[in-house]
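Trainee: Below is a structure I'd like to ask you about.
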Amino acid sequence: MKIRKTLIGDLDTVMSIYDSGRQYMRSHGNMHQWDNGFPPRELIIDDINKGYSFVVVDENDKILCVYAFLPGPDITYSKIYDGTWPNDKPYNVIHRIAVSEHRKGVASFVYDECLKMSPVIRIDTHKDNIPMQNSLTKNGFTYCGIIHLLSGDERLAYQKERE
């Protein structure tokens, strides 16, 4: 596997992966995250144009995963409830991660590669997204507390530092 920046030509495939991600969440009891077609195509185009969107590809250049990797600070992380961030070090954020196939090791690969680019990573997920919570815990992320999106929706917040 390798990571490359998402190209505009990848957009239809990427949007299909997000559709599959929504279906996967619904089939695993997460009925509310990424509702109303989130993330919208316009947001993904903006991520691509800003250089924040990445894909994981296999040896045949088939896209296995898509995610946004943004520089902090993230305004929604400025206040945390029922917990605390371990530190105030500069960080990057993983948002909108979705895999095309639930192939073992893809998310772990993303986390490891992101930690090579930034010594501190923050990420959040919905309280009903148990598979994602398990993935984060398994990969050494620390649960830090609750943040609120700009919409007001709550998310569970996690952080991991490079060792």
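Residue-by-condition table, conditions (1) within 22 Å of Asn134 (Cα to Cα); (2) acidic (Asp, Glu); (3) modelled with pLDDT under 95:
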site	(1), (2), (3)
Ile45	no, no, no
Lys50	no, no, no
Ile75	no, no, no
Ala98	yes, no, yes
Lys104	yes, no, yes
Ala107	yes, no, yes
Asp112	yes, yes, no
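Trainee: Identify, by number, the condition in (1) farther than 21 Å from Val93 by Cα; (2) among the small types (Gly, Ala, Ser); (3) surrounded by 14 or more Cβ atoms within 10 Å (Cβ to Cβ) that Gly21 doesn't meet.
Mentor: With respect to (1) farther than 21 Å from Val93 by Cα; (2) among the small types (Gly, Ala, Ser); (3) surrounded by 14 or more Cβ atoms within 10 Å (Cβ to Cβ), Gly21 is out only on (1).
Trainee: May I ask you to say which residue of Ser53, Ser27 is of a type in the set (Ser, Thr, Tyr) and more than 23 Å from Ser118 (Cβ to Cβ)? Working first, answer last.
Mentor: On the way: Ser53 fails: more than 23 Å from Ser118 (Cβ to Cβ).
Ser27 is the lone residue from the list that is of a type in the set (Ser, Thr, Tyr) and more than 23 Å from Ser118 (Cβ to Cβ).
Trainee: Still on this structure, I have one more. Please work out which one of (1) among the polar types (S, T, N, Q); (2) more than 19 Å from His32 (Cα to Cα); (3) in contact with a Ser or Thr (Cβ under 9 Å, 6 or more places away or on another chain); (4) without any contact (Cβ under 8 Å) to a residue 60 or more places away in the chain is the condition Ser78 fails and give its number.
Mentor: (3)
Per-residue answers, yes or no, for (1) closer than 15 Å to Ile147 by Cβ; (2) surrounded by fewer than 19 Cβ atoms within 10 Å (Cβ to Cβ); (3) touching a helix residue (DSSP H, G or I) at 6+ places or on another chain (Cβ under 9 Å); (4) of a type in the set (Lys, Arg):
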position	(1), (2), (3), (4)
Pro40	no, yes, no, no
Asp47	no, no, no, no
Gly51	no, yes, no, no
Val57	no, yes, no, no
Val66	no, no, yes, no
Ile97	no, no, yes, no
Cys114	no, no, no, no
Asn134	no, yes, no, no
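Trainee: Restricted to region 136-163, and to residues that are among the basic types (Lys, Arg) and crowded, with 18+ Cβ neighbours inside 10 Å, which residue is farthest from Gly72 (Cα to Cα)?
Mentor: Kept after step one, since they are among the basic types (Lys, Arg), are these residues of region 136-163: 138, 155, 160, 162.
Subset that is crowded, with 18+ Cβ neighbours inside 10 Å: 155, 160.
Numbers: Arg155: 17, Lys160: 14 Å.
Among residues in region 136-163 that are among the basic types (Lys, Arg) and crowded, with 18+ Cβ neighbours inside 10 Å, the one farthest from Gly72 (Cα to Cα) is Arg155.
The values are calculated or read from the model by the stated rules, or taken from the named source; none is laboratory data. If you're wondering where the values come from, they're calculated on a predicted model, not measured in any experiment. Neighbour counts are summed over all protein chains in view; Cβ atoms, including those assigned to glycine, are modelled from backbone coordinates with ideal geometry.
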